[in-house]
Structure formats: structure tokens, C-alpha cells
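Quick notes on the structure that follows.
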Amino acid sequence: MEALRQILLAEADAVSNIPIGPEYQQAVDLIVERVNRSGGKLVVSGMGKAGQIGMNIATTFCSTGTPAVFLHPAEAQHGDLGIIQPNDLLLLISNSGKTKEILELIDLAKILNPSLPLIVITGNDKSPLAEMADITLFTGGRPEVCPFGLTPTVSTTTMTVIGDLLVVSTMKAIGFTVREYAMRHHGGYLGQKSAEAGKI
């Protein structure tokens, strides 16, 4: 039981110590300007476990009024890069900031759209990825709780929380309402609850 408590404490400590600065407001402002005002979309990408977090972030943005898609960085090299259009922006996730497929994705995306802005979530704010970003959101880089210090655990927790910070802050920035939520979420318990609250 004590070992379990130590894992919980390590995860909680990492979340409570995520560095928060003006870069978050800058990221939200960029998302609102490019997506909600200019008709673009948020293109989220990550490899492996970071990619799974990216999928969750993209779908959560979609259900809260900000169009987003997940682009697999490997599939991007085989034609999926065509999803990128004017006024889009990239949200890239890599704990190391050195993920080969993500760095290659930037090079390819910049050929297609040289002015494409980059928001990065990473555990290494001195990494090649962070240096290429317009806005870097640093997780804090705390060690994983895996016994080997390798399995994504703390890093994926902090990435998820940073995604939540962006989503909720964007909802507030665009004045997203429960009625608008209900119009996008018809199924299940949340659909019923939001429809009742929004009187749809």
C-alpha cells in the first residue's frame, strides 16, 4: 500500500508543479485566432503513447467547439499530410522532444505550408522540437514512476493535464455554452445531461 501511495504522490507532485506562464495564454490566443476566428483547425500529432494522448486532446477539442484532428506522424508521410490547410496550426507532443517522426513531420509540413505555427508539449524544453516551436509548453520533465524510469507514466499524465488546460481555457475564451456542447454530443449520459441543461 505504501508503494502505491508513493506512485500517487509522485504523479500528483508532477501535475502540481507543471510550469505555468504566459505561454499558455499565447497558445490559447493562437488557437482561437487560427481556428475559431479564421476557420482553420488544430492538427494534433504524437507518436506512441504521446500519440494516444494527442488523440484524446483532439477529440476533446472537437466536442467543445474547436475543430481538431489527429494526424499520425508516420501516416503523414504517405499522403495524410494533405489534411493540412491554410489557417491550421500544429500541436505536437513528444516527451523527449527528439521523436524522429515528429521532427520529420515538421519538415514536411513546412514544405506544404511554410507559415504553419507550431505549439509543442514536451518534457525537454531544450530539445530540437522545443527550439523549432513557436510556443513550448513544458511538462516539467519529472521522472517516470516506472521502475526502469522508461515507461510513459508521469509524462503522459502531465501531457493529458496540459491538454485539459488548453481545452478548458479555449472554451472560456470563445464563450462556449452548454447548448453548443449538447449540439455536438447527442449520445449517452453526457448527451442527455447536456441536452437537459441546454434545453435542446
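The values are calculated or read from the model by the stated rules, or taken from the named source; none is laboratory data. Since the model is a prediction, treat every value here as computed from it, not as a measurement. A quick note on method: Cβ atoms are made from the backbone with ideal geometry, for glycine too, and the neighbour counts reach across all protein chains shown. The protein model used for the area step is the full one, side chains on, heavy atoms only, and it has no ligands, DNA or RNA in it. Shrake-Rupley method; radii C 1.70, N 1.55, O 1.52, S 1.80 Å.
At-a-glance table
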{"item": "Options 72, 78; residue that is more than 11 Å from the chain's Cα centre (by Cα) and under 30 Å from residue 186 (Cβ atoms)", "result": "72"}
{"item": "Subset of the range 46-104 [crowded, with 18+ Cβ neighbours inside 10 Å and charged (D, E, K, R)]", "result": "88, 101"}
{"item": "Pairs where the first residue, in the range 125-137, is within 17 Å of residue 30 (Cβ to Cβ) and among the charged types (D, E, K, R) and the second is modelled with pLDDT of 95 or more and not in a strand (DSSP E or B), C-beta under 8 Å, 6+ apart", "result": "134/30; 134/117"}
{"item": "Criterion (open to solvent by 60 Å² or more (accessible area, probe 1.4 Å) and among the hydroxyl-bearing types (Ser, Thr, Tyr)) met by exactly one of 170, 177, 156", "result": "177"}
{"item": "Residue satisfying all of: in the range 1-45; of a type in the set (Ser, Thr, Tyr) and over 24 Å from residue 104 (Cα atoms); most open to solvent (accessible area, probe 1.4 Å) among these", "result": "16"}
{"item": "Residue count, the range 109-153 (criterion: among the hydroxyl-bearing types (Ser, Thr, Tyr) and open to solvent by 20 Å² or more (accessible area, probe 1.4 Å))", "result": "4"}
